[in-house]
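The values are calculated or read from the model by the stated rules, or taken from the named source; none is laboratory data. Because the structure is predicted, anything quoted here is derived from the model rather than measured. In this analysis, Cβ positions are derived from the backbone assuming ideal geometry, glycine residues included, and neighbour counts consider all displayed protein chains.
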Amino acid sequence: MKFSRAAGILLHPTSLPGPNGIGDFGPDAYRFLDFLAEAGLSLWQVLPLGPTGYGDSPYQCFSAFAGNPLLISIPGATSTLSENSVDFERVIVHKKRLLSQAFDRFVPDDGYYHFCEKQGAWLDDYALFMAIKHEHGGSAWTSWRPELAAREPDALRAFRAKHKREIAQVCMEQYAFFLQFDKLKRASKERGIRLMGDLPIYVAHDSADVWANRDLFQLDEKGNLIVQAGVPPDYFSETGQLWGNPIYNWDVLKAQGYKWWIQRMRAALAEFDLVRLDHFRGFEAYWEVPGDATTAVGGRWVKGPGAELFNALSAELGPMPIIAENLGLITPEVEVLRQQLGYPGMSILQFAFGGDGQAMEFKPHNFPRERVVYTGTHDNDTTLGWWNGDAGSDSTRTAEEIEREHDYARRYLGTDGHEINWTLIRAALSSVADTVLIPMQDVLGLGSEARMNLPGRQAGNWGFRFTWEQLTPDITARLRDMTRLYDR
């Protein structure tokens, strides 16, 4: 896939400024688009936009198709919630109250009925799932009344009849989400900005997707995990990462012509101009861990569907603007698959100066043109945090290893470490790589306090927000000068 030279910002919409304790699709999103255009940037990468579940992670959503109602802008609403971070517990209560009030005023129109009919393949199950979950106090579907967990037709029919209002409100919320998102996407296009989405390889166990399609996942007769997803020990964790996601029953998916995956990818491509495919290496081989494991250490590699899945997707959807997240333990087989499919890979500058073998491909002098370069991702510390942090912040590096890394980075980049965030931004923009994406935290020069996610941390993730006061005209001008200088 060919990309022209471009640059953009990595920022989840929840991190935008706004009046209700969380960023949304309101006026501040349009102001952010104006900033991108003024700075000469043409990409906005977001994290997954689905309704978040456990740990408020956008990678653990109640649906792979639905939108997060917390992102719906409600005009005229205000709150006393923090402008500096997202307090999800308080925000959820506040936004639910506002959405319930909005539903009381909502009058269905032809657009609403058309939306419900067009999206019925996933919306019917999702709305029912969320209504039943609410009735059960938010508990996971495996602990619901057995007849509802098992989707017995009579039980579902009776529940629908008794809970029409709750089900209708979920549908209204999804209608409002996609109405606002489509408007934002049109505004992006008018400004010459492409939206880049993020498609996780796995879906959450507690999701409408799994509840409604149990045969597509490796579950026991009660719906519990037989095996679960994760990754082996790496630079983020000595015990690996245990994700808790169910693993697909790829034989069943294949027998169905990968229909569910085709529907999922079609929905993603309808929303976004580009799609970052998270954990691409899992399609070649994935780390399978027993369902009752407490760490990811005792897992094993199992072959994934490989090119066969993507051939089926392409046959149905045509050429797909996909970027492969090829980080972690990447084998030659993974790279052969990626290159065979023609998907650009990723390089992270924060990983370029360490002593491990993978650092070689992250050095700018080794970049191919078809590469997407980041100073860091949502899973990394900010660049200032990476440079100034201690040895135990997010890796197994010793103090001596950190100093060797810093020494090499200073010599390679020709810097004394002052404004290291701008040094890495310049290194990325000046490289031959076609595409550069910079986390908003690095543009603003923020430290570890602004980190979006620390893999394995149980709380305190996903809450970063910036303020317009932090984004000075000097920063915008500096970015604009660099994007022009390096033909971005």
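Rundown of residues vs (1) of a type outside the set (A, V, I, L, M); (2) under 28 Å from residue 219 (Cβ atoms); (3) modelled with pLDDT of 95 or more; (4) surrounded by fewer than 17 Cβ atoms within 10 Å (Cβ to Cβ), yes/no style:
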| residue | (1), (2), (3), (4) |
| --- | --- |
| 296 | no, yes, no, no |
| 316 | yes, yes, yes, yes |
| 319 | yes, no, yes, yes |
| 329 | no, yes, no, yes |
| 339 | yes, no, yes, yes |
| 356 | yes, no, no, yes |
| 380 | yes, no, no, no |
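Tell me the helices (runs of 4 or more DSSP H) entirely within segment 375-488 that contain at least 1 residues that are of a type in the set (A, V, I, L, M), over 25 Å from the mean Cα position of the chain (by Cα) and over 17 Å from residue 45 (Cβ atoms).
Answer list for segment 375-488: 399-413, 420-430, 473-485.
Considering every residue within segment 421-432, establish whether at least one is hydrophobic (A, V, I, L, M, F, W, C), closer than 30 Å to residue 242 by Cβ and surrounded by 21 or more Cβ atoms within 10 Å (Cβ to Cβ). Step through it out loud before you land on a result.
Here is the first cut: in segment 421-432, the ones hydrophobic (A, V, I, L, M, F, W, C) are 422, 424-425, 427-429, 432.
Filter once more, so that each one left must be closer than 30 Å to residue 242 by Cβ: none.
No, the conditions are met nowhere in segment 421-432.
So is residue 476 more than 30 Å from residue 60 (Cα to Cα), out of contact with any Asp or Glu (no Cβ under 6 Å at 6 or more places or on another chain), hydroxyl-bearing (Ser, Thr, Tyr) and surrounded by fewer than 21 Cβ atoms within 10 Å (Cβ to Cβ) or not?
Here the answer is no, as residue 476 does not meet what is asked.
I want to confirm something. Restricting to segment 316-351 and keeping residues that are among the acidic types (Asp, Glu) and assigned to a helix (DSSP H, G or I), which single residue is farthest from residue 372 (Cα to Cα)? Steps first, answer last, please.
As a first pass, look at segment 316-351 and keep what is among the acidic types (Asp, Glu): 316, 325, 333, 335.
Checking the rest, the ones that are also assigned to a helix (DSSP H, G or I) come to 316, 333, 335.
Details: 316: 26, 333: 20, 335: 15 Å.
Once the filter is applied, the top-ranked residue is 316.
Among the residues that make up segment 182-189, is at least one of them of a type outside the set (Lys, Arg), surrounded by fewer than 16 Cβ atoms within 10 Å (Cβ to Cβ) and over 29 Å from residue 26 (Cβ atoms)?
No, the conditions are met nowhere in segment 182-189.
Name the pairs: first residue in segment 432-461 and closer than 16 Å to residue 6 by Cβ, second residue among the charged types (D, E, K, R) and part of a strand (DSSP E or B), Cβ to Cβ under 7 Å, at least 6 apart or on different chains?
433/371; 434/371
Under the condition of being of a type in the set (Gly, Ala, Ser) and in a loop (DSSP other than H, G, I, E, B), which residue from segment 187-227 is farthest from residue 10 (Cα to Cα)?
223
Are there any pairs, at least 6 apart or on different chains, whose C-beta atoms fall under 6 Å, with the first in segment 397-423 and within 22 Å of residue 445 (Cβ to Cβ) and the second part of a loop (DSSP other than H, G, I, E, B) and at pLDDT 95 or above, and if so, which?
Close Cβ pairs (under 6 Å, with a partner that is part of a loop (DSSP other than H, G, I, E, B) and at pLDDT 95 or above) amount to 421/445; 423/415.
If only one of 191, 214, 266 is under 18 Å from residue 49 (Cα atoms) and among the charged types (D, E, K, R), which one is it?
266
Collect the residues in segment 13-43 that are in a helix (DSSP H, G or I), closer than 18 Å to residue 470 by Cβ and not β-branched (Val, Ile, Thr), keeping them in residue-number order. Quick ask: steps written out before the conclusion?
Narrowing segment 13-43 to residues in a helix (DSSP H, G or I): 13-15, 27-38.
The next check asks that each one be closer than 18 Å to residue 470 by Cβ; those that pass are 13-15, 27-29, 31-36, 38.
Passing the criteria: 13, 15, 27, 28, 29, 31, 32, 33, 34, 35, 36, 38.
If you scan segment 262-291, which residues turn out to be more than 26 Å from residue 68 (Cα to Cα) and either assigned to a strand (DSSP E or B) or modelled with pLDDT under 95 (or both)?
285, 286, 287, 288, 289, 290
Do we have residue 251 as surrounded by fewer than 17 Cβ atoms within 10 Å (Cβ to Cβ), in contact with a strand residue (DSSP E or B) (Cβ under 6 Å, 6 or more places away or on another chain) and modelled with pLDDT of 95 or more here?
On the way: surrounded by fewer than 17 Cβ atoms within 10 Å (Cβ to Cβ): yes; in contact with a strand residue (DSSP E or B) (Cβ under 6 Å, 6 or more places away or on another chain): no; modelled with pLDDT of 95 or more: yes.
In short, no.
Has segment 64-85 got at least one residue that is charged (D, E, K, R) and modelled with pLDDT of 95 or more?
No, because not a single residue in segment 64-85 is charged (D, E, K, R) and modelled with pLDDT of 95 or more.
Go through (1) free of Cβ contacts under 8 Å to residues at least 24 places away in the same chain; (2) part of a loop (DSSP other than H, G, I, E, B); (3) closer than 25 Å to residue 487 by Cβ one by one and return the number of the condition residue 298 breaks.
(3)
Is it the case that some residue within segment 287-294 is surrounded by fewer than 17 Cβ atoms within 10 Å (Cβ to Cβ) and hydroxyl-bearing (Ser, Thr, Tyr)?
The answer is yes, given that some residue of segment 287-294 is surrounded by fewer than 17 Cβ atoms within 10 Å (Cβ to Cβ) and hydroxyl-bearing (Ser, Thr, Tyr).
Give me the helices (runs of 4 or more DSSP H) completely within segment 76-182, filtered to those with at least 2 residues that are farther than 21 Å from residue 62 by Cβ, ordered by residue number.
On the way: elements: 88-105, 110-118, 120-135, 146-149, 153-162.
Result: 88-105, 110-118, 153-162.
Kindly indicate the residue of segment 352-374 that is of a type in the set (Asp, Glu) and not in a helix (DSSP H, G or I) and also farthest from residue 451 (Cα to Cα) among those meeting that condition.
370
Identify, please: which residue in segment 433-488 is out of contact with any helix residue (DSSP H, G or I) (no Cβ under 8 Å at 6 or more places or on another chain) and β-branched (Val, Ile, Thr) and is, among those, farthest from residue 276 (Cα to Cα)?
Looking at residues that are out of contact with any helix residue (DSSP H, G or I) (no Cβ under 8 Å at 6 or more places or on another chain) and β-branched (Val, Ile, Thr), I get 472.
For segment 308-327, which residues satisfy the criterion of being of a type in the set (Gly, Ala, Ser) and within 17 Å of the chain's Cα centre (by Cα)?
324
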